[in-house]
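The structure appears right after this line, and notes come after that.
No lab work stands behind these numbers, since they all come straight from the coordinates. What you see is a predicted model; the values in this text were computed from it and never measured. Here the Cβ positions follow ideal geometry from the backbone for every residue, glycine too, while neighbour counts run over all protein chains shown.
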Amino acid sequence: MSKSIVVGSVLAVLGLGGMAFGAWQVQESRQPQFADITGVETLTRTVETPREVCENVVVQRQAPTRDPHSVVGTAAGAIVGGLLGNQVGGGSGKKIATVAGAIGGGLAGREVQQRVEAGQTVSTTEQRCHTVTDSREETTGYEVSWRYDGQSHTSRLDQRPQGETVRVVNGEPQWGEPRSQG
């Protein structure tokens, strides 16, 4: 056999073997690999929403004065005072006592009317409003811990991962793909 045939045959055998090994490597790297999900933490934020709350409340107020100058109390007091003053003394003293009684009675009657009216109240219903704040927790995402090839990793996701593993291609997790190993 010629030397070139032997060398060519050896190289052909080695080439075919290398191709077969390369194909096996490609096939091996295409095998699905999976990482274990070791933890999922829900990320949240507090959302506060103010709103107005109104209630009808019964309140007591001073009754409005029907006679702001207290004419009725003054007149009634003057009449009563004049009558009482007229009972005292005689002659011109009787006139002075009647006038003094009328003046004193008028002042006293006005004071009595103002005190009586000040103590009178009326009940009214008023609407009272105030702001309250409602709080709620809102999910903003998920922090997922996973272990692959002996190392721990963390990813932030918008959706909660399903299952206990994640498919890994070229060292990167494929969160949106099915994670079954079967």
Report task. About the Cα centre of region 64-119, how large is the charge dipole given +1 on each Lys and Arg Cβ and -1 on each Asp and Glu Cβ? Please answer in debye to the nearest 20. Result -> 160 debye
Query raised in the report: Lys/Arg Cβ at +1, Asp/Glu Cβ at -1, dipole of region 64-119 taken about the Cα centre: which of N86, A108, T65 is farthest positive-ward?
Result: N86
Query raised in the report: Beyond 19 Å, what share of the Cα-Cα pairs of region 37-124 remains, rounded to the nearest whole percent?
Result: 65 percent
Query raised in the report: Can you run phi through the Karplus equation (6.51, -1.76, 1.60; θ = phi - 60°) for region 42-56 and list ³J(HN,Hα) in whole Hz, with x for Gly and Pro?
Result: 6, 9, 10, 9, 8, 10, 10, 10, x, 8, 9, 10, 10, 9, 8
Requested in this report: Subtract the Cα-Cα distance of I103 and L157 from 0.36 nm times their separation in residues, and report this length gain in nm to one decimal.
Outcome: 10.2 nm
Query - Peptides 54-60, 65-71 ordered by average Cβ neighbours within 10 Å, highest first - result: 65-71, 54-60
Requested in this report: Calculate one ³J(HN,Hα) per residue across region 99-109 by plugging θ = phi - 60° into the Karplus curve 6.51 cos²θ - 1.76 cosθ + 1.60, and present them in order as whole Hz with x for glycine and proline.
Outcome: 5, 5, x, 5, 5, x, x, x, 5, 5, x
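Would you mind ranking K3, K94 so that the residue whose beta carbon has the fewest other beta carbons within 10 Å leads the list?
K3, K94
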Report task. List the relative contact order of region 40-182 as a percent without decimals, with contacts defined as Cα pairs under 8 Å and 6+ residues apart. Result -> 32 percent
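Which whole-number percent gives the relative contact order of region 64-119, counting Cα pairs below 8 Å spaced six or more residues apart?
About 44 percent, as a whole number.
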Report task. Amide H neighbours of F34 under 5 Å, at least 5 residues apart or on other chains, H built in the peptide plane: list them. Result -> V168
Query raised in the report: Sorted from fewest to most neighbouring beta carbons within 10 Å, what does the list S123, S152 look like?
Result: S123, S152
Query raised in the report: Say R0 is 35 Å: what FRET efficiency, to the nearest 0.05, do T46 and V169 get from their beta-carbon distance?
Result: 0.40
Report summary line: A correct fewest-to-most ranking of S9, S4 by other Cβ atoms within 10 Å would be S4, S9
